[in-house]
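To keep things clear, I will list the structure first and then write my remarks on it.
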Amino acid sequence: MVRRLCHEQVITAVNGSLPGPTIRVKEGDTLVVHVFNESPYNLTIHWHGVFQLLTGWADGPVYITQCPILPGCKYTHRFNITGQEGTLWWHAHVSFLRATVYGALIIRPRSGHSYPFPKPHKEIPILLGEWWNANVNEVEAEALLTGAAPRNSDAYTINGRPGDLYPCSENKTYRLKVKRGKTYMLRIINAVLNSQLFFKIANHKMTVVSVDAAYTEPYVTNVVVSAPGQTVDVLVTFDEPLGSYYMAASPYASTFPAIPFDNTTTTGIIQYVGSTSQTPVMPALPDFNDTPTAHKFYSNLTGLANGPQWIPVPLDVDEHMLITIGLNFELCATCQGGQRSAASMNNQSFMLPEKLSILEASFYNVSGIYTADFPDEPPVKFDYTNLNLSTDPSLVYTQRTTKAKKLKFNSTVEIVFQNTAFLGIENHPMHLHGYSFHVLAQEFGNYDAVNDPKKFNLVNPQARNTIAVPVGGWAVIRFRANNPGVWIMHCHLDVHLTWGLAMVFEVENGPTPSSTLPPPPSDLPKSCALALLASSSTASAAIVQHSFYVKNLTVTRLCQERVITVVNGSLPGPAILVREGDTLVVHVFNESPYNLTIHWHGVFQLLSAWADGPVYVTQCPILPGHSYTYRFNITGQEGTLWWHAHVSWLRATVYGALIIQPRPPSSYPYFIKPLKEIPILLGEWWNANVIDVENEALATGGAPNISDAFTINGYPETYNLNVVRGMTYMLRIINAALNNQLFFKIANHNMTVVSVDASYTQPYVTDVVVLAPGQTTDVLVTFNQPPGSYYMAARPYASTFPEVPFDNTTTRGIIQYVGSRSQTPLMPILPAFNDTPTAHKFFSSLTGLANGPHWVPTPLHVDEQMFVTVGLNLELCATCLGGTRLAASMNNQSFQLPNTLSMLEAFFFNVSGIYTDDFPNQPPVQFDYTNLNLSADPTLEFTQKSTKVKNLKFNSTVEIVFQNTAFLGIENHPIHLHGFNFHVLAQGFGNYDAVNDPKKFNLVNPQARNTIAVPVGGWAVIRFRANNPGVWIAHCHLDVHLPWGLAMGFEVENGPTPSSTLPPPPPDLPKC
């Protein structure tokens, strides 16, 4: 964890430092690096610019030359560094991880050789980086999910430090002390993900002597321009008056039309030894769009012909290629507008394989991984840099492929990179793995094949591994394909790589053993799904890590601005995707003004009760400004769960999806594999501060104000889902509303229920889904209706009788068939708000998928039988209107949370006085539970507060009859049990009949749930095995009822073995 910009952030780093360690070698050395992946992410390391002669297995790009190094695994990179001197670097080559996983690789002349310039006094690596106040993997994942560009970074850095122009960064500024009159070499590396940079030092000139580890003719300049991936070595003589001077870097943002970018400046301070100046001089940096300055720098560099490691330009060309590069769209059924951002080369948008790396497929001649038909030119010729191209859909859209260009060994390749203007023009830094190339020319506009070759520098062109192709222009490179293997060429703006701006070269072996790629090393990662060469068919479980930053955010809903509390700046919060068997680690930083806990709704938390989250039950709250790490394994569960705040009413806006997919090679147990899986989170919105709403109600003793709207994925009526006709999608529906059960329908479409509460069901076809708060339902929907637009809609199932006020509004989202122009969605006919027969039919018709994945048979022997009444009451209140307040109870015990110690700590440390273990197995008196005249009997109507639990022996089987009561009316109560699933044996209306109703029990394939909607004026019977030691709350998931007391706890004793004993709490467990 590091602190930047007033913000603590968990990052992935090498050897505990940002940047990672600098590696220093001499030309001719063999480098051996043992990489141990102790992060929660898949990983590879790329040695940027290293030729990797006959060592393509060590190059590192994921799924190109290797499968990823899985968490907990390792790989040794071993390669020789020959024919290169200067500055290169290393970085992660998986997702956005290289934002923090990177470092310098410095290659000095071998002994007996020297630089072709005077030896500098010192050599200083200057690594220019980029910083997000967020988990960079989540930044990328969210962008890919929506199809839009990722959010901009929050800062740039010099050697990992932002500089004193940023908040809280005065002590996070890189400082370099220099001696006046001495010459230093600055080895400048642009390690930024998505921005080119201008770099200046106030009042000092720089002499460029090398780029990309290739010597140049000395070039004097007051500004250096570098694209991501490029390196520039400069000599600087510090001959100015004693003082302090800023070095500074700001973005060169070439895109036209302009788009948002991180327009900040990072600084470092150069302090002359002996100077006492505390006010550094600031350089005047170019404007962000100063293309003339950038082009002058890029195009004025020339190679040091006949200098060390110089290779003359090959004059005979075997392969001529014209490659268009630029941004596009591709169709996306789940993205806003039916399309996502994409990028392409010759209109081929590159897609990484996942079954086997391309290099392995090439070496072992495995088909089906890639094709060797990348075209030498675009499919059509057009006016490439015409900004009106965006109106031509035949050019703007691209498609995903995995194509390579095959090259004969030792052939000479000339490539014209031609920028295109489909979605605007931009400078693209193109990086070629495995080679350096000569840059023959670069200019603006469309390449002229007749006249532009006359401008080629064939005498002393600069040699590069990354060329910044001019905005709205072209560049010509040439190289000799003398290195057999598979080599990716891609844009080094990382956002464009994920969009597909890449291709590969497959270079054939030469005629001799010394020109033939050797076999892979024995420890090459073999983690690709279904890899043909893998030694095991079982995928390893992973550690999945997230960071939650909980803070206030201003949003606009229903024409009003509201300050709400959210996770990572979004409503809903981030969706977490794991596989069964994974360990989930979530670092929660409470930057809100409220106490906080997070509950992982439905997760068993086997032996990890400390991570369950209900405030004062398993932990004390995370105070504002504090943090806590939740760590737990997810075993025996697949499907949709969710997470939410479990303090007061914060969960109205602090919530998100938790999706558990099967662990490979396992798969879903249904016949149709969905094209896409879409979380649908149904929420509830107040035009008010929800904490104030709750507190006002508790102060008066009355019911809280009802909500103003329901939402779909955070929006009352603006969520859009694009679908492809004829395809089947999975909707993962979550009722995250606070106080309302909901009907959900899609106009003219049926749904097939395949899972509830992360437990598979027998497929159940329905046109309406009913969910109580806390419940989840996975449905398959085949979109087979006429192309058009259709509303999905949700409205409340309000079961209370006599009726009470409720939010009788409807939230809608639009499902649009791709290709349809319909602007008038069809609306489904929703059930009446009090349609109990429809609700009961849905709830009671579901059955479990017996013998399906993770099926647990119903335990037949019962050790503990409980009859628990649930309902509303009154309690005396001296300060409330009428002397009473609304309350709720289970067996007439109205649950009250402790506040000096959590119940789980009291259990573990045997502390008395926090709770008692005498929760009764039945109500204090038997009566006509569902008789609506009960409200006239004060002896039954009133309850009192207590903190009581039921003690259970480890592995005992518990059967509970939940009986609704009618003290203040009847209502469907969703009862949620933490730490367990239970089988729903039966449910019905009226009073439970202990003689006849057990005959209705489904003991063969009952649905398994963690939340049961006890029928209005009725009953439900559940059964579970208490095989998880700890303290577990059972409560109504209508949040208004929880503070009123509709809850109780189970104290499950430890088992007889260490593997059935609750471990001690983690050291960072919050204290009361």
Worksheet item: Where the centre of each part is set by its Cα atoms, how far does the range 722-749 sit from the range 126-174, in angstrom?
Response: 36
Fill in: Exposure rule at most 16 other beta-carbon atoms within 10 Å, DSSP loop GluC sites (Glu not before Pro): the chain longest free segment
355-802
Worksheet item: When the scattering of the range 378-497 is computed by the Debye formula from its Cα atoms alone, each counted once and equally, what is log10 I(q)/I(0) at q = 0.10, 0.11, 0.16, 0.18 Å⁻¹?
Response: -0.33, -0.41, -0.87, -1.09
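First select every other residue whose beta carbon is under 13 angstrom from the beta carbon of Y715; then total the charges, Lys and Arg +1, Asp and Glu -1.
Numbers: positive: R557, R812; negative: E684, E717.
Result for the local shell: 0.
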Response to the item:
Expected vector for the range 46-51, Karplus 3J(HN,Hα) from phi with 6.51, -1.76, 1.60 and θ = phi - 60°, integer Hz, x for Gly and Pro, equals 10, 9, 5, x, 6, 5
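Provide the per residue accessible area, probe 1.4 Å, for the chain, rounded to a whole number of square angstrom.
Numbers: 39140 Å² over 1072 residues.
Result: 37 Å² of accessible area for each residue.
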Worksheet item: Across the range 868-877, in residue order, what do the Karplus-derived ³J(HN,Hα) couplings come to in whole Hz, using 6.51 cos²θ - 1.76 cosθ + 1.60 with θ = phi - 60° and x for Gly and Pro?
Response: 10, 7, 10, x, 9, 9, 10, 9, 5, 8
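What does the highest-first list of 659-669, 768-778 look like by mean Cβ count within 10 Å? Don't skip to the answer; put the middle values down first.
Values: 659-669: 17.2, 768-778: 26.5.
Result, highest mean first: 768-778, 659-669.
I'd like the trypsin sites (Lys or Arg not before Pro) in the range 867-956 restricted to DSSP loop residues with at most 14 other Cβ atoms within 10 Å, sorted by number. Before the final figure, lay out each step's value.
On the way: sites: R885, K945, K948, K950, K953; in loops: K953.
Here the sparse-neighbourhood loop sites are K953.
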Worksheet entry | For the range 615-621, 3J(HN,Hα) per residue [Karplus equation, 6.51 cos²θ - 1.76 cosθ + 1.60, θ = phi - 60°, Hz, x = Gly/Pro] | 4, 6, 9, 10, 6, 7, x
Worksheet item: Of K551/K1071; K296/K455; K745/K999; K355/K406; K403/K673, which pairs sit farther than 23 Å apart, going by alpha carbon to alpha carbon?
Response: K745/K999; K403/K673
Item to complete: Express the carbon and sulfur contribution to the solvent-accessible surface of the chain as a percent, rounded to the nearest whole number, probe 1.4 angstrom.
Response: 53
Worksheet item: Can you give the accessible area of M1 in Å² (nearest 10), computed on protein heavy atoms with a 1.4 Å probe?
Response: 120
Discussion item. Nearest 5 percent is fine: what portion of the DSSP beta bridges confined to the chain is antiparallel?
Written reply: 70
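For T385, T869, give me the order by solvent-accessible area with a 1.4 Å probe, most accessible first, ignoring ligands, DNA and RNA.
Working: T385 35, T869 10 Å².
The residues order as T385, T869, largest area first.
Net charge around C67, counting only other residues with Cβ within less than 14 Å of its Cβ (Lys, Arg = +1; Asp, Glu = -1)?
Working: positive: K74, K355, K526; negative: D59, E354, E360, D523.
With Lys, Arg at +1 and Asp, Glu at -1, the net is -1.
The values are calculated or read from the model by the stated rules, or taken from the named source; none is laboratory data. Predicted, not measured: the structure shown is a model, and the values here were computed from it. So basically every Cβ, Gly included, is an ideal-geometry build from the backbone, and we count neighbours across all protein chains shown. Surface accessibility is based on the protein's heavy atoms, side chains included, excluding ligands, DNA and RNA. Shrake-Rupley method; radii C 1.70, N 1.55, O 1.52, S 1.80 Å.
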